[in-house]
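The values are calculated or read from the model by the stated rules, or taken from the named source; none is laboratory data. Being a predicted model, the structure only gives us computed values, none of them experimental. Here the Cβ positions follow ideal geometry from the backbone for every residue, glycine too, while neighbour counts run over all protein chains shown.
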Amino acid sequence: ACFGALWVGASEIVGTRGTGTKWLQRGAIAVEARDYPQAIEDFTRAIELDPTLAAAYSDRCLVYIYQGNYPQALADCTQAIELDPSNREAYLNRGLARYRTGRYPEAIADTDRVLQLNPGDARAYYNRGLSRYELHDYRGAIEDYDRAIVPESSLEPMQQAAIYIDRGLAYLGIDNPPEAVTNFDRAIALDTQNARAYYNRACTYHRLGDVDRTVEDLTQVLRLDPSSAQARANRGLIYYQLGNRPAALQDLRLAARHFAENGRDEASSQLRDVIEQMGRSRLALG
């Protein structure tokens, strides 16, 4: 996922003019508590008291992004930019909303503006890399991820792990699986509980023909997230190819059920077809 703007502490916004300051502070506290409805209420109150408070629009924009309300997020960040064209957090957040809605060139334009205002913003490089990846500019994405991971970056280890995962995917995009594995290794070293890193490394090992390591990583994904239908389905299919019928059936049946429970009826149906074919094959052999 993209990085949104980092939330400022109350002490950093005390100087904001107008009576909306108190509500801006309250909204920041609500966000830290993940009470997003309360945060929106507080930021809205700040705007009512001071309609020129660009930070309130920018912060409310990010909360709307957290809620998946992208049209309102775009409107708020655009308003923040109109009030304060130098508000790089508003550009960063609007770029994030545009990325989430598939407007990748516009998202890149917003992150370009962030980097004009702050050339060292690792978040902007990462977010721009994600948009470039979606546009199949894999080398451009790798360049941006490289800049996001510089040693002086203030990103937390889990954030760095996310960048390594996405850089690994970009290396797969240019058909360089060994370098992809190296990046997934680094992600796991930073965040040993990252199921996404193990899953993507498993897929890469499978692409390299290393079945044992593929199964090992898929098994680790399932330890971390037992409800991962995709990991269980893939492991089941590999067990089937290896001739381990009991293990394959167990995984495929459970994966089909998880897919159905999550509304992915087509995937569930496809797995049930595979299970049925396995049954017919056994009857034919018998």
Out of 49, 6, 62, I need the residue that is at pLDDT below 95 and more than 28 Å from the chain's Cα centre (by Cα). Which one? 49
Give the residues of the range 134-176 that are of a type outside the set (S, T, N, Q), at pLDDT 95 or above and outside any helix (DSSP H, G or I), sorted by residue number. 135, 136, 137, 174, 175
With respect to residue 232, is the statement that it is part of a helix (DSSP H, G or I) and in contact with a His (Cβ under 9 Å, 6 or more places away or on another chain) true? yes
Is the range 200-210 home to any residue that is β-branched (Val, Ile, Thr), closer than 26 Å to residue 104 by Cβ and touching a Pro at 6+ places or on another chain (Cβ under 9 Å)? yes
Looking at residue 240 and the list (1) under 30 Å from residue 155 (Cα atoms); (2) modelled with pLDDT under 95; (3) crowded, with 16+ Cβ neighbours inside 10 Å, which single condition is not satisfied? (1)
Would the range 262-279 turn up any residue that is over 26 Å from the mean Cα position of the chain (by Cα), at pLDDT 95 or above and either polar (S, T, N, Q) or outside any helix (DSSP H, G or I) (or both)? no
Quick check on the range 116-143: of everything there that is under 22 Å from residue 172 (Cβ atoms) and among the charged types (D, E, K, R), which residue is surrounded by the fewest Cβ atoms within 10 Å (Cβ to Cβ)? 139
So which residues in the range 80-92 are crowded, with 20+ Cβ neighbours inside 10 Å and assigned to a helix (DSSP H, G or I), if there are any at all? 80, 81, 88, 89, 90, 91, 92
When the range 243-253 is examined, which residues are found to be exposed (fewer than 15 other Cβ atoms within 10 Å of the Cβ) and outside any helix (DSSP H, G or I)? 243
Here are some residues: 45, 100, 34, 113. Which one is on the phi > 0 side of the Ramachandran plot, surrounded by fewer than 22 Cβ atoms within 10 Å (Cβ to Cβ) and among the basic types (Lys, Arg)? 34
Checking residue 95 against (1) in a helix (DSSP H, G or I); (2) at pLDDT 95 or above; (3) surrounded by fewer than 21 Cβ atoms within 10 Å (Cβ to Cβ), only one condition comes out false. Which one? (3)
Name the single residue that is nearest to residue 164 (Cα to Cα) among those in the range 196-237 being of a type in the set (Val, Ile, Thr) and surrounded by fewer than 20 Cβ atoms within 10 Å (Cβ to Cβ). 219
